[in-house]
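Participant: Here you go, one structure.
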Amino acid sequence: MPELPEVEVTRRGISPTVDGQVLRRLVVRESRFRWPIPEDLPHQVDGRSVSAVARRGKYLLLPFETGTMIVHLGMSGSLRHVHPDDPPRKHDHVDWVFDRGVLRLHDPRRFGAVLWHPAADGDVLTHPLLGHLGIEPFDPRFDGGWLHRHTRNRSQAVKQVLLGGDIVVGVGNIYASESLFRAGIHPRTLASKIGPKRYDRLADAVKATLGSAIDAGGSSLRDYVGAGGESGYFQIGAYVYDRAGLPCRVCATPIRKIVQGQRATYYCPRCQKP
Ligand SMILES: [Zn+2]
């Protein structure tokens, strides 16, 4: 499933094609996504220019003067540059035709979304899909103090709180395990019991983990932008994720695997304290 780093890598990959450019044509071959693509969407956007592609959580935002297109890659979606004459393959459902290139959405499971938020409805960040999202991990306001303030009345384990996405977005399952390792915090520790100093380390670890994943994705970027079943390369150099039984890279203690909220968690029982 594309996580925040893959979506950010996608944003950076498509921005030279999209930013400040006129969308010549939106081609919808299949509109049955998680929510149907509005029938009149091509009519709303064809021939109009996009200012600059943005990202909020795992949503890509294409701002037009008349509204904002919201794109989500769902479980299996990817966007890539294609040659204008390339015939669509199976599951190639939507094309964005710009003068600088054609972007094609490939999504076998169709859990993604291509939606429209009219400018008349106000700021796109108030859209029902975006309004409840936690702060961006690279927002300067996100720090240990932010985590500490927002967890005082939370009765869940810290890993569950990170995954929830309502305090900070983008810390998916892999990145939660990795960040907690880097911060030396046991994943079962109650979020409300962690003090400000440990939360400082955790906030730094979240930024470092996501930052290195974005760098890894950016460096392997060719014509194919965004993943979709291709996230393996983001895991290169994982400290704990998917390493059950293997020696900790720091202390050589075997890494353990537990299940929290039906998701696998990996941790080092020696390096990570309750
Ligand atoms: Zn260790």
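Participant: Would you work out the charge dipole size for the chain about its Cα centre, treating the Cβ of every Lys and Arg as +1 and the Cβ of every Asp and Glu as -1, and quote it to the nearest 20 debye?
Facilitator: Using Cβ point charges on Lys, Arg, Asp and Glu, the chain gives about 1580 debye.
Participant: Counting only the heavy atoms of the protein chains, how much of residue 167 is accessible to a 1.4 Å probe, in Å² to the nearest 10?
Facilitator: Accessible area, nearest 10 Å²: 10 Å².
Participant: Let me ask something additional. Find the accessible area per residue for the chain; the probe is 1.4 Å, ligands and nucleic acids are left out, and the unit is Å².
Facilitator: The answer is 46 Å² per residue.
Participant: Return the carbon/sulfur percentage of the accessible area of the stretch 21-93, one whole number, probe 1.4 Å, all protein chains in place.
Facilitator: The C+S portion of the solvent-accessible surface of the stretch 21-93 is 48 percent.
Participant: Tabulate in residue order the Karplus-calculated ³J(HN,Hα) for the stretch 238-243, using 6.51 cos²θ - 1.76 cosθ + 1.60 with θ = phi - 60°, rounded to whole Hz; enter x for Gly and Pro.
Facilitator: Values, residue by residue: 4, 6, 10, 4, 6, 10 Hz.
Participant: Right, something else. State which stretch of the chain is the longest one without any exposed chymotrypsin sites (Phe, Trp or Tyr not before Pro), exposure meaning a DSSP loop state and at most 15 other Cβ atoms within 10 Å.
Facilitator: Between the exposed loop sites, the longest stretch runs 139-274.
Participant: Further, regarding this structure: For helix 173-183, report the angle its Cα long axis makes with the longest principal axis of the Cα atoms of the chain; keep it between 0 and 90° and round to the nearest 10°.
Facilitator: 40
Participant: Placing +1 on the Cβ of each Lys and Arg and -1 on the Cβ of each Asp and Glu in the stretch 108-212, which of 164, 142, 126 has its Cα farthest towards the positive end of the resulting dipole?
Facilitator: After comparing all options, I get 164.
Participant: With a 1.4 Å probe and all protein chains kept in place, how do 65, 3 rank by accessible area, largest first?
Facilitator: In descending accessible area the options line up as 65, 3.
Participant: Could you please report the charge total around residue 201, scoring K, R as +1 and D, E as -1 over all other residues with beta-carbon less than 14 angstrom from its beta-carbon?
Facilitator: +1
Participant: Let me know the shape class of the stretch 61-143, please: from the alpha-carbon gyration tensor, a ≥ b ≥ c as square roots of the eigenvalues, rounded when a/c is under 1.5, otherwise prolate if a/b is greater than b/c, or oblate.
Facilitator: Since a/c reaches 1.5 and a/b is larger than b/c, the shape of the stretch 61-143 is classed as prolate.
Participant: To the nearest whole percent, what portion of all C-alpha pairs in the chain is separated by more than 25 angstrom?
Facilitator: Of all Cα-Cα pairs in the chain, 49 percent lie more than 25 Å apart.
Participant: Give the residue from 186, 174, 209 lying farthest towards the positive end of the charge dipole for the stretch 165-212; charges sit on Cβ (+1 for Lys and Arg, -1 for Asp and Glu) and the dipole is referred to the Cα centre.
Facilitator: After comparing all options, I get 186.
Participant: Still on this structure, please answer the following. For residue 127, what is the net charge nearby, where nearby means another residue's Cβ is under 13 Å from its Cβ and Lys, Arg count +1, Asp, Glu -1?
Facilitator: That works out to -1.
Participant: For the chain, take the longest principal axis of its alpha carbons; what is the angle in degrees between that and the long axis of helix 4-18, to the nearest 10 within 0 to 90?
Facilitator: 30
Participant: Another question about this same structure. In terms of modelled amide H atoms, which long-range or inter-chain residues lie less than 5 Å from the amide H of residue 255?
Facilitator: 245, 246, 248
Participant: With axes computed from alpha carbons, what is the tilt in degrees of helix 196-219 against the longest principal axis of the chain, rounded to the nearest 10 within 0 to 90?
Facilitator: 40
Participant: Please report the net charge: other residues with Cβ closer than 13 Å to the Cβ of residue 47, K and R +1, D and E -1.
Facilitator: 0
Participant: Here is a follow-up. Just report the Cα centroid separation between the stretch 249-274 and the stretch 130-163, whole Å.
Facilitator: 21
The values are calculated or read from the model by the stated rules, or taken from the named source; none is laboratory data. Being a predicted model, the structure only gives us computed values, none of them experimental. Note that we place each Cβ from the backbone using ideal geometry, even for glycine, and neighbour counts take in every protein chain shown. For accessibility, only protein heavy atoms count, side chains too; no ligands or nucleic acids. Shrake-Rupley method; radii C 1.70, N 1.55, O 1.52, S 1.80 Å.
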